[in-house]
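The values are calculated or read from the model by the stated rules, or taken from the named source; none is laboratory data. Just so it is clear, the structure is predicted and the values come from calculations on it, not from any experiment. With ideal geometry, Cβ positions are generated from the backbone for all residues, glycine too; neighbour counts draw on all protein chains shown. Each accessible area value is taken on the protein alone, full model and side chains, heavy atoms only, with ligands, DNA and RNA left out. Shrake-Rupley method; radii C 1.70, N 1.55, O 1.52, S 1.80 Å.
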Amino acid sequence: MALYARRRRFNRVAMLLSFSSAAAGMVALAWILATLFLKGAAGVSLSVFTHMTPPPGSAGGLLNAMYGSLVQTLIATLIGTPVGILAGTYMAEYGRNTKLTSVVRFINDVLLSAPSIVVGLFVYEIMVQPMGHFSAWAGCVALSILVLPVVVRTTEDMLLLVPDSLREAASALGAPRWLVIQQVCYRAARAGLITGTLLAIARVSGETAPLLFTSLNNQFWSTNMNAPMANLPVVIFQFALSPYPDWQRLAWTGALLITLTVLALNVFARTIARPRSSGH
């Protein structure tokens, strides 16, 4: 009885600490979201979506910054996702127990937790400095490096969840290995693969440090990928540090837009990953 009573006390203490930690995290998140909505919603208007970033003391919006963020995030996803899926496929399907897979998994975990500013400095060294100028292409490469480890880890984990019996059944019918992976494994893990891609997009959509060293910023509308291009994270960074109230208001609005986008992507990813119950 004494042992049982002691275990119950330890369980209650652990539950109390867990609940307190969860409550503290929820309070901090609610505080951040409430501040964003209170200060960012006041600046939301049609001009935010139709006008360029303004000079100090003038009215304007975030159209060029939103366009630049959308283009660079999309291109980075198109670069990083196929490479990540192929790497994760090799690790899960061809080299599960090889030394190469262990090395790749270790490097991928390091890259997954690496500070984004280090990635920005790396791309600055290999692209911006040799080219002699900032460019949107460099920003896309920096963001694609951040997309890569998320997709690799998600792809490997999702493919490892596919039962080997499905692979064996397809192989017994005479299907080659590549066709088994394409028609069986990818289809079974499709929701997880899409979820990983969406989470990768959510991660890079608010990154500022890599873009400061690569694409920098542009106050005007620009579609030239070989030149500096505006983007929301850098515009928020510059406007928030400025002494001008109109710029600060736009910074809060831009932060609110990024936050809502990330929340929407996370909700969508969880909806896709949720198992569907089949009715009879």
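Summary of values
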read-out	value
Single unsatisfied condition, Phe239 versus (1) open to solvent by less than 40 Å² (accessible area, probe 1.4 Å); (2) touching a Ser or Thr at 6+ places or on another chain (Cβ under 7 Å); (3) aromatic (Phe, Trp, Tyr)	(2)
Among (1) modelled with pLDDT of 95 or more; (2) touching a helix residue (DSSP H, G or I) at 6+ places or on another chain (Cβ under 6 Å), the one test that Tyr124 misses	(2)
Odd one out for Val110, checked against (1) surrounded by 12 or more Cβ atoms within 10 Å (Cβ to Cβ); (2) at pLDDT below 95	(1)
Pairs where the first residue, in the stretch 242-262, is among the polar types (S, T, N, Q) and the second is in a helix (DSSP H, G or I), C-beta under 7 Å, 6+ apart	Ser242/Gln248; Gln248/Phe239; Gln248/Ala240; Thr253/Gly40; Thr253/Gly43; Thr253/Val48; Thr259/Leu36
Residue match in the stretch 75-87 (condition: in a helix (DSSP H, G or I), touching an Asp or Glu at 6+ places or on another chain (Cβ under 9 Å) and not charged (D, E, K, R))	yes
Residue in the stretch 247-254 that is assigned to a helix (DSSP H, G or I), more than 20 Å from the chain's Cα centre (by Cα) and among the basic types (Lys, Arg) present	yes
Single residue of Val44, Val48, Val27 found to be modelled with pLDDT of 95 or more, out of contact with any His (no Cβ under 6 Å at 6 or more places or on another chain) and not acidic (Asp, Glu)	Val27
Evaluation of Ser116 against (1) open to solvent by 60 Å² or more (accessible area, probe 1.4 Å); (2) farther than 30 Å from Asn97 by Cβ; (3) of a type in the set (S, T, N, Q) (one fails), failing number	(1)
Residue tally, condition among the small types (Gly, Ala, Ser), in a helix (DSSP H, G or I), over 17 Å from Val204 (Cα atoms) and touching a helix residue (DSSP H, G or I) at 6+ places or on another chain (Cβ under 8 Å), over the stretch 92-117	1
Residue check for Val83: hydrophobic (A, V, I, L, M, F, W, C), within 29 Å of Ser222 (Cβ to Cβ), in contact (Cβ under 8 Å) with a residue 60 or more places away in the chain and open to solvent by 70 Å² or more (accessible area, probe 1.4 Å)	yes
Helices (runs of 4 or more DSSP H) wholly inside the stretch 127-188 containing at least 1 residues that are closer than 24 Å to Ser222 by Cα and either open to solvent by less than 40 Å² (accessible area, probe 1.4 Å) or touching a residue at least 60 places away in the same chain (Cβ under 8 Å) (or both)	136-160
Some residue of the stretch 197-205 being surrounded by 22 or more Cβ atoms within 10 Å (Cβ to Cβ), over 16 Å from Gly139 (Cα atoms) and either of a type in the set (S, T, N, Q) or at pLDDT 95 or above (or both)	yes
Number of positions in the stretch 161-188 that are under 15 Å from Gly88 (Cα atoms) and touching an Asp or Glu at 6+ places or on another chain (Cβ under 9 Å)	2
